[in-house]
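Here is the structure we will look at.
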Amino acid sequence: MTTAISIILLLFGGLLIQPRLVERRTRIDDQFILTPDEVAALPSETLVVVLDREDGQDQNDFKYKLLQLILQRSEQPYALGFSTIIQSQDEAVKAISHGFDSQRNPMGLTVGVYGAGAALNQHLNPIEIPVAGGVLGLRAGWTYREELPALATIQNKTDLQNIVLLQGLGWSDVEIFDAAGLRTYTARPEELFRLVDNRRVQLFPRGIAELEDEEPVVRASTSRTVLDPYLLIAYPFAGFFYVDPDNERLAQAIRSGFERAMEDGSYQELIDQTVFTPWLKKHLNLANRKVIVLNNPNAAEVLSAVHPGHWIVPWNKLLHGNMRHGEQLCTVQKLKALCD
């Protein structure tokens, strides 16, 4: 094996891969990239876990850390790394669905974290455990600084229909916004923050668990983009791990490892340490936000498969109009760590 690959084999543990230098859009430590050449050099019994990477993600991202924890708990030998390049979700989903076909999946993607939906389930195999307990359904948005006065006046869904929201190509959130009568502009990953900073859109809603990792990207690539302090858009939403339907071994490893992490408390510990961080508590300021709740009709059946105990967010109360302000969410036991 070449010196470019350093493998540490652990009993029931993972493989740490030191990849070759590859051109890519954002800076990330090479050891957390898993290239097709390195995959080809792995032992056949090793689970190949190449995670679809989003702009701004690195080894400190919650989704990466969660997948690492899950694989450790799966008691299977594995090699984990990000994809060498960033692709749109549509492109990544197609690639994963082609398994280990090097022509149709040249980057060797094997897993992604995507918003649950019936259409996506037709192409990939979901592991139906919400990666963050539904917290991804709580959305705060990036905006152009001069848009803040207008955003401060928004009180409900009708007001929200008067502005233009931004989302990535292929994101399932777009269907939710369309069903609510909201106006949405979609673009490729590399264009998103540029569009905000050029004032082409008024709000770019993101899952609150994603904000801290995106802040350095915003700071480095924009001049007038800030986090809106007024709104929290909420809709039943779960990010699932998705794999190729023929890769049942990986699906089973993720499922079993996830269940063990929930049972031993390490999953909740990771949520508290990685998602409900001091940075998020300070910048989200949840208690002072207005909550606008949207339905997610296209995913209702898919989300019904989620075990009730796997949710952190009280969706029943939100959907019935019992919670309209952030301070009410702060009374929920599993969310108190975000507000204390």
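Structural remarks
- F12 being more than 17 Å from the chain's Cα centre (by Cα), at pLDDT below 95, within 29 Å of M262 (Cβ to Cβ) and of a type in the set (F, W, Y): yes
- Some residue of the stretch 151-158 being touching a residue at least 60 places away in the same chain (Cβ under 8 Å), touching an Asp or Glu at 6+ places or on another chain (Cβ under 7 Å) and among the polar types (S, T, N, Q): no
- Residue count, the stretch 90-130 (criterion: among the polar types (S, T, N, Q) and over 18 Å from A79 (Cβ atoms)): 5
- V313 under 20 Å from G115 (Cβ atoms), buried (at least 20 other Cβ atoms within 10 Å of the Cβ) and either at pLDDT 95 or above or of a type in the set (S, T, Y) (or both): no
- In the stretch 164-179, the residues that are among the acidic types (D, E) and in contact (Cβ under 8 Å) with a residue 60 or more places away in the chain: D173, E175
- Spans of strands (runs of 3 or more DSSP E) in the stretch 27-130 with at least 1 residues farther than 26 Å from F276 by Cα and in the same structural domain as S256 (by TED's automatic domain parsing): 47-51, 78-82, 125-127
- Filter result for I208 (touching a helix residue (DSSP H, G or I) at 6+ places or on another chain (Cβ under 8 Å), under 22 Å from L319 (Cβ atoms) and among the β-branched types (V, I, T)): yes
The values are calculated or read from the model by the stated rules, or taken from the named source; none is laboratory data. Treat the numbers as computed from the prediction; the structure is a model and nothing was measured. Using ideal geometry, Cβ is built from the backbone for each residue, glycine included, and neighbour counts are taken over all protein chains shown.
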